[in-house]
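> This is the structure, below, for whatever I ask next.
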């Protein structure tokens, strides 16, 4: 009798990836331990609506970057908050997210990890703005 091959689990990691950083990469690496990783990537409209910003990179560019990350098997466009219906419709087995999870997926199908300390797209955006202001003021004094 042949052994049945164990089905590879479909793991969902949702992100906006407006500014990609090592926290995103670490979460993808953790998710990879559970199965085949797919990234639910927020649309530009969802980012504008939820984060009140215009993404630095448009959806197609963010998708290209995410697909190039080792361990990512696919990208699916999503809303900012993942519903249980979206999760089931796309036949995912597990949602992996940071401790700031707001998704509406059943807790039995969710694995939460601590966020990477001192990093987020918001922090990077703020740092870039501060650096830009310093560069402008330096140019004015020279």
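> Considering only the stretch 63-79, I want to know if a residue exists there that is within 22 Å of residue 108 (Cα to Cα), in contact (Cβ under 8 Å) with a residue 40 or more places away in the chain and in a loop (DSSP other than H, G, I, E, B).
no
> Right, here's the next one. Would you check if there is a residue in the stretch 51-58 being in contact with a strand residue (DSSP E or B) (Cβ under 8 Å, 6 or more places away or on another chain) and either more than 23 Å from residue 7 (Cβ to Cβ) or part of a loop (DSSP other than H, G, I, E, B) (or both)?
No, the conditions are met nowhere in the stretch 51-58.
> In the stretch 33-50, what residues are touching a residue at least 40 places away in the same chain (Cβ under 8 Å) and part of a loop (DSSP other than H, G, I, E, B)?
34, 35
> Here is a further query. Looking for whichever is out of contact with any strand residue (DSSP E or B) (no Cβ under 7 Å at 6 or more places or on another chain) and under 24 Å from residue 7 (Cα atoms) here; the options are 106, 90. Which one fits?
106
> I'd like to verify a number: residues in the stretch 111-133 that are surrounded by 13 or more Cβ atoms within 10 Å (Cβ to Cβ) and either in a helix (DSSP H, G or I) or in contact with a helix residue (DSSP H, G or I) (Cβ under 9 Å, 6 or more places away or on another chain) (or both), how many?
The total comes to 10.
> Further question: Is it the case that the stretch 52-69 has a residue that's over 14 Å from the mean Cα position of the chain (by Cα), surrounded by 12 or more Cβ atoms within 10 Å (Cβ to Cβ) and over 20 Å from residue 25 (Cα atoms)?
yes
> Go through 9, 5, 48, 89 for me and flag whichever is surrounded by fewer than 15 Cβ atoms within 10 Å (Cβ to Cβ) and closer than 19 Å to residue 120 by Cβ.
48
> Name the pairs whose Cβ atoms lie under 8 Å apart, with the first residue in the stretch 116-131 and under 12 Å from residue 19 (Cβ atoms), the second assigned to a helix (DSSP H, G or I), and 6 or more positions between them or separate chains?
Filtered contacts from the stretch 116-131: 119/22; 119/23; 120/23.
Just so you know, all these numbers are worked out from the coordinates, no wet-lab data involved. Bear in mind the structure is a predicted one, so any value in this text is a computation, not a measurement. Backbone-built Cβ (ideal geometry, glycine too); neighbour counts: all protein chains shown.
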